[in-house]
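A short worksheet on the structure shown next.
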Amino acid sequence: MLELVAAGSLFFPGLYLLSKRCLKQVPSLQWDEGDAVIISARLVSSIQAIMASTAGYIIATSCHDIIEDQHWLTSSYILFAVPYFVYDIYAMFMCYRHKQQVKGHEGSGVGSALLNYLRKEFMMVLHHVVMVTVCFPVSVFWRQGKGDFFQGCMFLAELSTPSVCLGKILIQYKQQHTLLHKVNGALMLLTFFGCRILLFPYMYWAYGRHVGLPLHSVPLAIPLHYNLGAALLMAPQVYWFSLICRGAFRLFKRGAGGTPKPREVKEERERNGHASEKGYSSVEQSTK
């Protein structure tokens with residue numbers, strides 16, 4: 001167990017530092033520290049997302065009995081990936097610091113920058129803290145080996161992250177007008193909606209099919225804390241998706257109505273800060 005946690009603790013920060021160093025040394029790019037930090041953070045997030053969604057697909061398709069079947073990859077990847085969420089809080093802070101320096105706030109101290117970062121990215125930091133302090137022990141210890149299928153489905157939620165990260169990079173380099181940005185935005189909308197919103201009704205439906213219940217009867221047939229947990233996990237996804245849709249709608253209006261006003265450009269750039277990694281025309285990561 002500890003070996004996997006240690007491996008993740010070395011892998012994600014090490015990949016970040018390695019990619020940052022390599023990006024700074026590529027002569028044709030001529031990226032400074034801030035550019036290398038931001039791109040490296042997006043790269044690590046995308047690699048983690050690809051690994052998680054691949055593991056999720058393998059687990060979900062291997063578990064024919066969605067309650068009892070187990071797959072070794074479930075607990076192994078959880079242990080390996082949990083250090084990522086700790087690392088990512090630091091990486092997001094470094095991205096925030098460099099963005100502030102670009103805006104001319106170099107003089108602000110680390111303490112002040114940290115408080116501003118926590119205020120701005122409260123939802124994403126809270127999401128990461130909950131993943132480590134609640135979801136990790138629940139997934140590894142409390143489940144007692146049951147429900148690997150559902151854990152695999154939760155891993156698939158990361159499928160939207162690479163398009164979110166690419167979108168934020170395109171925005172950073174003012175490539176919103178390109179076809180790549182539009183195609184990537186459509187892909188991000190589809191993957192976010194499918195893997196982060198429809199995921200929860202699908203898991204309810206899968207359980208209902210397993211026990212012979214219609215979808216609408218499943219919430220009443222399972223313990224209340226299961227429904228509460230699903231609601232708490234789904235709520236930020238719905239919030240981030242609403243921001244993504246607002247950003248996509250503004251982009252569509254801009255394409256139909258001509259050049260946006262400077263104030264609109266400024267407001268959109270502020271919204272494009274972070275979240276989730278998870279919704280880029282308005283938030284993240286994040287989704288992260």
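Quick one: what does P(r) look like for the stretch 41-193 with 5 Å bins over all Cα pairs, in whole %?
In order of increasing distance, the bins hold 2, 9, 14, 18, 17, 15, 11, 8, 4, 2, 1, 0 percent.
Packing-wise, with mean Cβ within 10 Å as the measure, how do 1-7, 88-94, 68-74 rank, highest first?
Most protected by this proxy first, the peptides run 88-94, 68-74, 1-7.
Could you do me a favour and compute the accessible area per residue for the chain, 1.4 Å probe, result in Å²?
Spelled out: the 1.4 Å probe surface of the chain, per residue, equals 52 Å².
Taking the Cα centre of the chain as the origin, how large is its charge dipole in debye, to the nearest 20, when only Lys and Arg (+1) and Asp and Glu (-1) carry charge on their Cβ atoms?
Roughly 1180 debye, rounded to the nearest 20.
Rg/Rh for the stretch 52-128 to two decimals, with Rh computed the Kirkwood way over all alpha-carbon pairs.
1.23
Please state, to two decimals, what the Cα-based radius of gyration of the stretch 102-192 comes to when divided by 2.2 N^0.38 Å (N = residues).
1.49
Which residue, chosen from PRO83, TYR173, ALA230, occupies the Cα position most advanced towards the positive end of the dipole of the chain, where the dipole is computed from +1 (Lys, Arg) and -1 (Asp, Glu) charges on Cβ about the Cα centre?
Of the options given, the answer is TYR173.
Taking the Cα centre of the stretch 78-171 as origin, sum charge times position over the Cβ atoms of Lys and Arg (+1) and Asp and Glu (-1), and report the length of that vector in debye to the nearest 20.
200
For the chain, what is one quarter of the convex hull surface built on the Cα atoms, given in nm²?
If you wrap the Cα atoms of the chain in a convex hull and average its projections, you get 16.8 nm².
Taking only C-alpha pairs under 8 Å that are 6+ residues apart, what is the relative contact order of the stretch 95-228 in percent?
Normalised by residue count, the contact order of the stretch 95-228 is 17 percent.
Beyond 26 Å between alpha-carbons counts as too far, so tell me which of LYS103/LYS168; LYS99/LYS182; LYS174/LYS253; LYS20/LYS99; LYS120/LYS146 fall in that bin.
Pairs exceeding 26 Å: LYS120/LYS146.
How much FRET efficiency would the formula 1/(1 + (r/R0)^6) give for VAL183 and GLU3, where r is the Cβ-Cβ distance and R0 is 35 Å, rounded to 0.05?
After rounding, the FRET efficiency stands at 0.30.
So for the pair GLN101, LEU10, with labels modelled 7 Å out along Cα→Cβ, what separation do we get in nm?
Simple spin-label model gives 2.9 nm for this pair.
What whole-number distance in Å separates the alpha-carbon centres of the stretch 184-209 and the stretch 44-90?
Using only Cα atoms, the two centres lie 17 Å from each other.
Using every Cα-Cα pair within the stretch 143-255, state what percent have a distance larger than 17 Å.
62
Subtracting the Cα-Cα distance from 0.36 nm times the residue separation, let me have the gained length for SER217 to LEU18 in nm, one decimal.
66.6 nm
Set the Förster radius R0 to 25 Å, insert the Cβ-Cβ distance between ILE197 and TRP72 as r into 1/(1 + (r/R0)^6), and round the FRET efficiency to 0.05.
Computed FRET efficiency for ILE197 and TRP72 comes out at 0.25.
Report, please, the projected area of the stretch 1-113 averaged over directions, based on the convex hull of its C-alpha atoms, in nm².
Across all orientations, the stretch 1-113 yields a mean hull projection of 9.5 nm².
The values are calculated or read from the model by the stated rules, or taken from the named source; none is laboratory data. Please read all numbers here as calculations on a predicted model, not as lab measurements. As a convention, Cβ positions derive from the backbone with ideal geometry for all residues, glycine included, and neighbour counts pool all protein chains shown. Just the protein is used for accessible areas: all its heavy atoms, side chains included, with ligands, DNA and RNA removed. Shrake-Rupley method; radii C 1.70, N 1.55, O 1.52, S 1.80 Å.
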